[in-house]
Amino acid sequence: MSSRFFPRSTLIRPSLLTSQTIRPVPLRLPLRTYSTSTTSSTAPRIRTTAFLSIAVLTSAYLLYQYESSSSSESGSTEGKSLNETYGLKFDIRIRTSRNGVQSYEFIRKSEEEVERILTEHESGNSHVGRNGNPVVRWDTNWVGSNEPCEDRFASNLIPRKFGSAQQAKIEPSIGGGPGEEGKNDLMLFSIIDGHAGDATSKLLEKTLHPTISVALAGLQAGYVPTDVQSKSWYNKLNPISWLYSYRKTGSWNSGNVIRTLQHAYTELDDHICQSPIKLLQTLKQPSNPSDYPTPRQTLVALSQPAASGACAITTFVDSENQDLYVALAGDCRAVAGWQTKDGRWRCDTLTEDQMGENPREVERMQKEHPASERDTVIKGGRVQGGLQPTRAFGDAVYKWTTAQGNAIAEAFREEGDKPRGVRPWNNTPPYVTARPEVTYRKLKNEDGDQLKFVIMATDGLWDRLTSEESVLLLASYLSHPKHPDIPKTDLPNLYPLLPANGERPYPVQELPQPRDESWAFEGDTNAATHLIRNSLAGANRKNRAELLSLNGKVSRWMRDDVTCTVVFFDGTVKKE
C-alpha cells in the first residue's frame, strides 16, 4: 500500500458493471485502521523492511453494497446460479474528502479461488494427546489484506519434568508425542497484529515466546520480577540494573505469574525501542569507509522493529495448576466459551480493547501525563491524534523524545529511507506502552462450568464479529460443522447465552438483529477458518467472493488482515 495518508472515506459503494443486484453487507463497526506516515526504500547493500502506511479511511457509515446499472438489466440476471456470477466485473466507488468519488474495477474470483484463499494458511495441532494437558487441539488461520500481511502468530508447548514447586529446568519444545505425560506442561499461544509494516510482528513471532519462557523459568527458580513500572528508562539502559530486575523471594502463584508476563512484555519492548538509541553514539565514532555494514546502516536496520509497531495477545495455559492467563497489549481480543453442567453456554470476553476510544485507557493516559497534555494525549480517539491502539510493541516515535526521534530519522534519510513521522510534541514520553493487562481464570469454576474454547484474533475479525457472535458460531460448529445456513436471528435461540458474569469489558456490543442474513456452516475442519469465513459476509457467498477479490489499497480500505487461533479444552471437539 502507498506510503502517503489517504483521505478519510465517507462512503464506499461498490456497484456492478454487470446487471446484478446484490444485498449490501454493512459493517457493524468502523474498521479500526492505524494512522502512520512511513515508507521505505532499499538502502545501498542493505535490506530493510518496508514501512507500509495504513490509511485512516473508514467511518461508521462504511457500507459494502452493490447497485444495478438499471432496473431492466437487474431483472435479466435473476435466476442465475452462483457459479455463473463468478468472473464478472464489479466496480468499487469510493467517496473521499479530498478527491471526491473514485472508481476501481475488479473481477470476481471463482468459488475455487475463494476457498483457496480461505484455507491455504490453515495450521494447528488436531490432537495434542498429552495426559494431563487440558488442551486437546488448536486451530489457526490467517487471511491477508495488506501486501504483505502484517499479522503473525506463534504456538508452543513447553514440557516440564517437574512441577512449579520444584526448581527444575523448563525444556522448550514445539510439541510432544502422543500419550506423553503432560500434567506439568505449559502452553503459549500468541496473535500479533503489526502496523506501519511487518518488522515488529516478524520479530515478535520469533522472540516473544522465548522471552516469556525464560521469564517463567526464572519464576520457577524462585526469581520474581520487580515492579515493571518502578524503573526509569535511564536505569533500564544500565546493564547493572538487570541485577535488580528480579528478587529471589517469590513462589509460583497467580500474582507472580501475572507480574512475570508483564515484565517479559515490557523488557522485550524496551530492548526493541532503546537499542537504536544506544546505537546513536556509534555514529559519532570514526569509521572506515570500506566497513560494511556501516554504523549508520546497522542503526537503520536494527531500528526497523522500533519504527513499526505491533499489538500482541498471549494466552498462557498452566496444566499443573489448571490456570489460564491472557496478556494483552493493544486491540486484539480473546473470548472464552464456557459450558455449564446442563449444557448452556456463556461468553466470557477475556480482554478489553486498549484503544483511544476506550474511556479507561483515556483516563489512564491522562493520569500518566501532565495536566497541560490532558486534551492532547488522546485526541480524536487516537494517541496524540495519530495511533489508535494505546498499547503496542515498537511504535517508538511515541516513546522516544522528539530529539531522539529526529536523530534516528536523519539516519534513515541519509540511507535513502523515509522515516516514520516524528512526534514533535513528545514532551513526556512514552505515550504508548507494551505493558499488558493480564486476565486470570481457572479452567473450571466453582459452579462446575468448564472452559471449552478460547478464541484469539486480531481486530480484523472483531471489526466484523462481536464477542457473543463468535461464541455462538463455535458452539454451533461443535454440534454441526456442516449444516444448511442458519439465519443470524435464529442462532441465539438455538444456543442461548447466559448473562455475563460481572461487568462486560469495552466495547460492549449487543447481538444485532440483521434481517434476511445467515451464518455459513460449510464443513470447515479448521475452526479458525469457520470464524474467518463468517466474518466475510456470513453466508452471502457473492459478497464474500467480492471482498476477497479486492487487492491493493482498496482491499485495505474494505477489510483488515485477519489472524485467528482457537484453543479447545477437554476433548469436546466433534467432527462430522
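Restricted to segment 447-487, and to residues that are farther than 25 Å from Leu188 by Cα and among the polar types (S, T, N, Q), which residue is surrounded by the most Cβ atoms within 10 Å (Cβ to Cβ)?
So the residue we want is Ser476.
Against the condition within 28 Å of Val135 (Cβ to Cβ) and of a type in the set (Ser, Thr, Tyr), how does Thr351 come out, does it pass?
Working: within 28 Å of Val135 (Cβ to Cβ): yes; of a type in the set (Ser, Thr, Tyr): yes.
Yes; evaluated as a whole, the condition is true for this residue.
Given the criterion more than 24 Å from Asn426 (Cβ to Cβ) and either in contact with a helix residue (DSSP H, G or I) (Cβ under 9 Å, 6 or more places away or on another chain) or not assigned by TED's automatic domain parsing to the domain that holds Leu443 (or both), identify the matching residue among Arg296, Arg346.
Working: Arg296 fails: more than 24 Å from Asn426 (Cβ to Cβ).
The match here is Arg346.
Is there a residue being in a helix (DSSP H, G or I), within 22 Å of the chain's Cα centre (by Cα) and assigned by TED's automatic domain parsing to the domain that holds Thr315 anywhere in segment 534-542?
Yes, there is a match, as at least one residue in segment 534-542 is in a helix (DSSP H, G or I), within 22 Å of the chain's Cα centre (by Cα) and assigned by TED's automatic domain parsing to the domain that holds Thr315.
What about Gly416, is it closer than 23 Å to Val383 by Cβ and surrounded by fewer than 24 Cβ atoms within 10 Å (Cβ to Cβ)? Steps first, answer last, please.
On the way: closer than 23 Å to Val383 by Cβ: no; surrounded by fewer than 24 Cβ atoms within 10 Å (Cβ to Cβ): yes.
Considered against the rule, which asks whether it is closer than 23 Å to Val383 by Cβ and surrounded by fewer than 24 Cβ atoms within 10 Å (Cβ to Cβ), Gly416 comes out as no.
From the list Thr401, Thr390, which one is within 30 Å of Thr207 (Cβ to Cβ) and either surrounded by fewer than 20 Cβ atoms within 10 Å (Cβ to Cβ) or outside the structural domain of Ser372 (by TED's automatic domain parsing) (or both)? First the steps, then the outcome.
Numbers: Thr390 fails: either surrounded by fewer than 20 Cβ atoms within 10 Å (Cβ to Cβ) or outside the structural domain of Ser372 (by TED's automatic domain parsing) (or both).
Unique residue meeting the criteria: Thr401.
Assigned to a helix (DSSP H, G or I) and free of Cβ contacts under 8 Å to residues at least 60 places away in the same chain: does that describe Asn493? Outline the logic, then answer.
Numbers: assigned to a helix (DSSP H, G or I): yes; free of Cβ contacts under 8 Å to residues at least 60 places away in the same chain: yes.
Yes, satisfied.
Could you tell me which residue of segment 143-166 is modelled with the lowest pLDDT, considering only residues that are farther than 30 Å from Lys553 by Cβ and part of a strand (DSSP E or B)?
Taking segment 143-166 and keeping what is farther than 30 Å from Lys553 by Cβ, we get 155-166.
So of that shortlist, the ones also part of a strand (DSSP E or B) come out as 155-158, 160.
Details: Ser155: 98, Asn156: 97, Leu157: 96, Ile158: 95, Arg160: 91.
Looking at residues that are farther than 30 Å from Lys553 by Cβ and part of a strand (DSSP E or B), I get Arg160.
Of all residues in segment 260-290 being hydrophobic (A, V, I, L, M, F, W, C) and under 22 Å from the mean Cα position of the chain (by Cα), which is nearest to Val397 (Cα to Cα)? Before you say what the answer is, go through the steps one by one.
The first filter runs over segment 260-290 and keeps only residues hydrophobic (A, V, I, L, M, F, W, C), leaving 261, 264, 268, 272-273, 277, 279-280, 283.
Applying the additional criterion that residues be under 22 Å from the mean Cα position of the chain (by Cα) yields 261, 264, 268, 272-273.
Working: Leu261: 24, Ala264: 21, Leu268: 17, Ile272: 12, Cys273: 9 Å.
Here the answer is Cys273.
In segment 107-142, how many are within 22 Å of Trp557 (Cα to Cα) and touching a Cys at 6+ places or on another chain (Cβ under 8 Å)?
2
Of the residues in segment 550-572, how many are within 18 Å of His121 (Cα to Cα) and hydroxyl-bearing (Ser, Thr, Tyr)?
Selection size over segment 550-572: 2.
The values are calculated or read from the model by the stated rules, or taken from the named source; none is laboratory data. All values reported here derive from a predicted model rather than from experimental measurement. Virtual Cβ from ideal backbone geometry, glycine too; neighbours counted across all protein chains shown.
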